Amino acid sequence: MEIPTKYESQAIEKKWYQYWLDNKYFHSKPDSREPYVNVIPPPNVTGVLHMGHMLNNTIQDVLVRRARMMGKNAVWVPGTDHASIATEAKVVAKLKAEGIDKNTLSRDEFLRHAWEWKEKHGGIILDQLKKLGASCDWDRTCFTMDEIRSDSVIRVFVDLFDKGLIYRGVRMVNWDPEAKTAVSDEEVIYTEENSKLYYVNYKIEGEDAYVTIATTRPETILGDTAVCVNPEDERFTKLKGKNVIVPMVNRVVPVIFDSYVDMEFGTGCLKITPAHDINDYEIGVKHNLPSIDIFNDNGTLSDAATLFVGEDRFQARKSAVKELEKLGLIAKIEDYNNKVGRSERTNSVIEPKLSMQWFLKMENLAKPAIDAVENGEINIIPAKFKNVYRHWMENVRDWCISRQLWWGHRIPAFYLPDSNEYVVAETIEEALEKAKIITGNNSLTASDLRQDEDVLDTWFSSWLWPISVFDGIMNPENPDYKYYYPTNDLVTAPEILFFWVARMIIAGYEYPKQKPFSNVYLHGIVRDKQRRKMSKSLGNSPDPLDLIDTYGADGVRVGMLLCAPAGGDLLYDDSLPEQGRNFANKIWNAFRLVKNWEVDESIEQPEHSAIAVKWLDSKINDAIQQLNQQFDTFRLSEALMTVYKLFWDDFSSWYLEIIKPEYQKPIDKQTYMQTLGFFKKLSLLIAPFMPFITEELWQFVKDEQDVESIVLAKWPEEGEEDKSLLDGFSSCAEVVAGIRNVRQEKNLPQKDKLSLQIVRHGDYDNRFDAVIKKLGNLEAIDFVEDKPDLAAGFIVKSQEYFIPLGNLIDKDEEIKRLEQELKYAEGFLKSVMAKLSNERFVSNAPEKVIEIERKKQADAESKIKIIREQIESLR
């Protein structure tokens, strides 16, 4: 096959991805092999590919592709999340644009629109992942609201309810006035914001005196039902048994005493609004105070407020301040920085609100999940997140699992006629049978029952994801579930460690009674160079598809992984995928170079090529050992850098230079075939990171006995690594660099042949002399007893190398250069001796480390002696 001059990434990527799909190379069925299983963190159906997805799915694909090459039966299960709040908001906005108000639709009518929207937009992000090269088993694509997943969610709800773990009650919840639903504690993002602290006077009933309270929310004064002080605060002992009058509404409320009040904050006197603050609510319960809910679900003031009814809460704040100033009740106003909770989904300021909700008891459920991470059954990478996980799990609160939405899994609770009593069942038929038993009324029909209006929190479906994608809830004996569960590695972001990861672990130990996965790999956040999180609103996030079009999928994958250590944020810059594209071009051009060489079967393999082949073979074996260790410990950025340097530095810069035939001359067949063999092995090592270019190369280098696609090829096995050969080449490279430095300093053209003379000190490794001769363009390498006159010299290890220059050498310049080299060597020796003279270091460091330092000392002392002798000989 003719090799194109240029690597055309777009055409090649499209061709090979379709080829992989047509041949079902990513599809998996249970068999006798060891399974390797990853489940995708399901992106929202509302989503399109962003930089975080790119990083996350690149990491997953690298792991899955390598596992496949390791001979495992690898499966990567894709899917999407129904994303209740986000999707409902999208559908409501679409309807509004069409002139339709959601409130004019029935639930069924709205859901028809929602399903239409999902069918049109819900698969976009999965199609985009294909452009990245994601090797998912697309035949297994799941959706959190498809039939199996929905049935699983309902069954788990009923089961947990029957176990007494789910309950319904009025509690203080985080209310999102924009989405008009409760959200969990984990879905509230707290940010430092500039606010005002208002000092307001409350009149003491029956006295011409006031107490002053400090509040950031004067509009909630309308819901006050007490004023509270600390019983230890002597300033307020005179208030025992007294009442105060709530400003604006003139409500008489008691002064209560509770140690909760911080005497140092504000005035030490606290207004209590049980309906709109979690701490006030708990004090209200403790002191049997009434609650006055002054807000409607949309954040406007309700009739119960009596003033500013219908105004938005933030407008009502301005109105309240204006009214208080008019009444002369504001003592002062201060600037104040405080933490404000905002909804993760809508960014709306959260309103603490008393609401009837459904909750899941978490304390006992969390215990096995805590133990699993503590005892190492589940490994969190990086380990620093283990403490974060434990802290959250040990302080877990009951989970508010209900949402006031229509899009989602509707809660399977059915209310009896004209009653708040309910039954919980998987189907209306089962609910009807339970209702008949409870009421004793056998004439009840399904239409007599009223299903709860709320849906379940989206995370209540995704916490079952590793189980439900294999139908493990509804059909736990099915062969897929028994073979693929538990999964292996979960790749996700730290910000959903609690939302999702912890809850999946809880579900795993509650249902199949075993871990859902073995490893949790937490990658960092993609940020710009100013360390800002990438977002559309900041305009700092490039379109990933544009990047793929510009740099190629392989280039983008390399760019994302080059600077992405586990748990560390990736500071993105276009130079990263550009570096990836350059690497792809380097691979392509190196292959074209080799394939365009003329081969002569009659030529014997030169000595320099023979030793280069042995060295590179050992170097590749050394790299395979490193790569296996790096993959085992999830050091994927390091693994990529290992193959990057192996190809760019060792193979391209050194090996190809050594074996390259002279201009317009042929290469011997043995070296040529061995080089193609190296290309094949290198392609296999690069394949998990850069699947497209390596597939294209595979088609050129594969033999009849090889598999038809690199997707099916085996990861190279670790071979023998010759440490002395690697050390020998390291010295060889230094010698070549020394010769090139002399040429550069003396302005000696590469085409001019030179002689190299060596003053030998101890054993000399001559295995790479042929390589030195070729790369240095030397006519001879000779051993001499003493330094020759008028020669430029350098030292490698303990050996002295000289290039006779005759009249070309400037003695003064050479002495100056040697003195600089001496100064450096003496400074290096000083730093080594500082370590070795440190008693703590010598007594605590491993013997191997001390041996290395002593070897450095001996080498430095030898080098200093030689340099001094060289300087002396030039004087």
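The values are calculated or read from the model by the stated rules, or taken from the named source; none is laboratory data. Since the structure is predicted, the reported quantities are computational estimates derived from the model, not experimental observations. Neighbour counts are summed over all protein chains in view; Cβ atoms, including those assigned to glycine, are modelled from backbone coordinates with ideal geometry. These accessible areas exclude ligands, DNA and RNA; they are computed on the full protein's heavy atoms, side chains included. Shrake-Rupley method; radii C 1.70, N 1.55, O 1.52, S 1.80 Å.
Restrict the search to the range 779-856; then list the GluC sites (Glu not before Pro) that DSSP places in a loop and that have at most 10 other Cβ atoms within 10 Å of their Cβ.
Numbers: sites: E779, E785, E800, E813, E814, E819, E821, E826, E839, E847, E851, E853; in loops: E785.
In loop regions of the range 779-856 (DSSP not H, G, I, E or B), the sparsely surrounded GluC sites (Glu not before Pro) are E785.
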- Choose one of F295, V62, L697: the residue whose Cα lies farthest towards the positive end of the charge dipole of the chain (beta-carbon charges +1 Lys, Arg; -1 Asp, Glu; about the Cα centre). F295
- Considering only DSSP beta bridges whose two residues both sit in the chain, what percent are antiparallel, to the nearest 5? 70 percent
- Quote the charge dipole size of the chain about the Cα centre in Debye, to the nearest 20; the model charges only the Cβ of Lys and Arg (+1) and of Asp and Glu (-1). 1000 debye
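Mean Kyte-Doolittle of at least 0.0 and a Cα length of 24 Å or more along the axis: which whole DSSP H helices of the chain meet both? Spell out each step's value before the answer.
Details: long enough: 51-69 (27 Å, -0.20); 575-595 (30 Å, -0.60); 607-632 (38 Å, -0.58); 669-686 (25 Å, 0.26); 723-746 (35 Å, -0.16); 811-836 (37 Å, -0.72); 847-874 (41 Å, -0.82).
Both cut-offs are met by 669-686.
Using a 1.4 angstrom probe on heavy atoms only, work out the carbon and sulfur share of the accessible area of the range 532-578 in %. Provide the component values of the computation, followed by the final result.
On the way: 920 of 1870 Å².
Carbon and sulfur together cover 49 percent of it.
Mean 1/r over all different Cα pairs, inverted: what Kirkwood radius does the range 806-875 give, in Å?
Working: mean 1/r = 0.0730 Å⁻¹.
About 13.7 Å for the range 806-875.
I need the chymotrypsin sites (Phe, Trp or Tyr not before Pro) found in the range 589-671, filtered to DSSP loop residues with at most 12 other beta carbons within 10 Å of theirs. Please list the in-between numbers first.
Details: sites: F591, W597, W615, F631, F634, Y644, F647, W648, F651, W654, Y655, Y663; in loops: W597, F634, Y663.
Of the chymotrypsin sites (Phe, Trp or Tyr not before Pro), the ones in loops of the range 589-671 whose Cβ has at most 12 other Cβ atoms within 10 Å are Y663.
Give me the percent of accessible area attributable to carbon and sulfur for the range 597-651, probe 1.4 angstrom. List each step's numbers first, then the result.
On the way: 1020 of 2400 Å².
That share works out to 42 percent.
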- Task: Would you compute the Debye intensity of the range 324-444 from its alpha-carbon atoms alone, equal scatterers and no solvent, and pass along log10 I(q)/I(0) at q = 0.11, 0.12, 0.22 Å⁻¹ to two decimals?
- Result: -0.76, -0.83, -1.25
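Hey, can you find the accessible area per residue of the range 725-782 for me, probe 1.4 Å, expressed in square angstrom? Present the calculation step by step, with values, prior to reporting the outcome.
Details: 2810 Å² over 58 residues.
Accessible area per residue, the range 725-782: 48 Å².
Which GluC sites (Glu not before Pro) does the range 93-201 hold that lie in a coil by DSSP with at most 14 other beta carbons within 10 Å?
Details: sites: E98, E109, E116, E119, E147, E178, E186, E187, E192, E193; in loops: E98, E178.
Of the GluC sites (Glu not before Pro), the ones in loops of the range 93-201 whose Cβ has at most 14 other Cβ atoms within 10 Å are E98.
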- Per the rule of 0.36 nm per residue minus the C-alpha distance, extending K513 to I100 adds in nm 143.9 nm
- Query: Want the number for V285 to R840: 0.36 nm per residue separation, take away the alpha-carbon distance, what's left?
  - Reply: 193.7 nm
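State the dimensionless ratio Rg/Rh of the chain (Rg: radius of gyration of Cα atoms; Rh: Kirkwood radius). Don't skip to the answer; put the middle values down first.
On the way: Rg = 36.5 Å, Rh = 33.2 Å.
Radius of gyration relative to Kirkwood radius: 1.10.
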- Using θ = phi - 60° and the Karplus relation 6.51 cos²θ - 1.76 cosθ + 1.60, list the HN-Hα couplings for the range 773-790 in order, rounded to whole Hz, with x at every Gly or Pro. 5, 6, 5, x, 6, 9, 8, 7, 10, 10, 9, 10, 7, 10, 4, x, 6, 6
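With respect to the cross-link table entries K811/K835; K619/K835; K90/K130, which display a Cα-Cα separation exceeding 28 Å? Could you put the intermediate results ahead of the total?
Numbers: K811/K835 36 Å; K619/K835 32 Å; K90/K130 25 Å.
Where the Cα-Cα span goes over 28 Å, the pairs concerned are K811/K835; K619/K835.
For D139 and K332, compute 0.36 nm times the residue count separating them, minus their Cα-Cα distance, and round to one decimal in nm.
Values: separation 193, 0.36 × 193 = 69.48 nm, distance 6.61 nm.
62.9 nm is the gain from fully extending D139 to K332.
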- For the range 645-695, what is the accessible area per residue in Å², given a 1.4 Å probe and the full set of protein chains? 35 Å²
- Message: Can you give me the long-range amide H partners of M362? Hydrogens built in the peptide plane at 1.01 Å from N, cutoff under 5 Å, separation of 5 or more residues or another chain.
- Response: D398, W399
- Dividing the alpha-carbon Rg of the range 277-372 by 2.2 N^0.38 Å yields what? 1.47
- Expressed as a whole percentage, what fraction of the accessible surface of the range 278-335 belongs to carbon and sulfur atoms when a 1.4 Å probe is rolled over the protein heavy atoms? 48 percent
- Query: HN-Hα J couplings of the range 261-266 from phi, Karplus 6.51/-1.76/1.60, θ = phi - 60°, integer Hz, Gly and Pro as x?
  - Reply: 5, 7, 5, 8, 7, x
- Message: Per DSSP helix of 4 or more residues, -39500 (n - 2.57); summed, then divided by the residues of the chain. What does that give at 222 nm, rounded to the nearest 500?
- Response: -13500 deg cm²/dmol
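If you roll a 1.4 Å probe over the heavy atoms of the protein chains, what accessible area per residue do you get for the range 560-616, in Å²?
Numbers: 2530 Å² over 57 residues.
That works out to 44 Å² per residue.
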- If amide H atoms are modeled at 1.01 Å from N in the peptide plane, then the residues at a separation of 5 or more from S541, or on another chain, having amide H under 5 Å from its own are S535
- Alpha carbon centre of the range 409-431 versus the range 486-520: separation in Å? 31 Å
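Only Cα pairs under 8 Å and at least 6 apart count here; give the relative contact order of the chain as a rounded whole percent.
12 percent
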- Query: With contacts defined as alpha carbon pairs under 8 Å and 6 or more residues apart, what's the relative contact order of the range 780-837 in percent?
  - Reply: 23 percent
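Which number do you get for Rg(Cα) / (2.2 N^0.38 Å) in the range 597-747? Could the numbers behind the result be given before it?
Working: Rg = 16.8 Å, N = 151, 2.2 N^0.38 = 14.8 Å.
The range 597-747 yields a ratio of 1.14.
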- Item | Karplus-derived HN-Hα couplings along the range 171-183 (A = 6.51, B = -1.76, C = 1.60, θ = phi - 60°), whole Hz, x at Gly and Pro | 9, 6, 10, 7, 9, 9, x, 7, 7, 6, 8, 6, 10
- Query: Taking amide H positions as placed 1.01 Å from N in the peptide plane, with prolines and chain starts having none, which residues 5 or more places from F295, or on another chain, fall under 5 Å of its amide H?
  - Reply: S302
- Query: So, in nm, how far is label E109 from label Q857 when the simple model puts each one 7 Å beyond its Cα toward the Cβ?
  - Reply: 9.0 nm
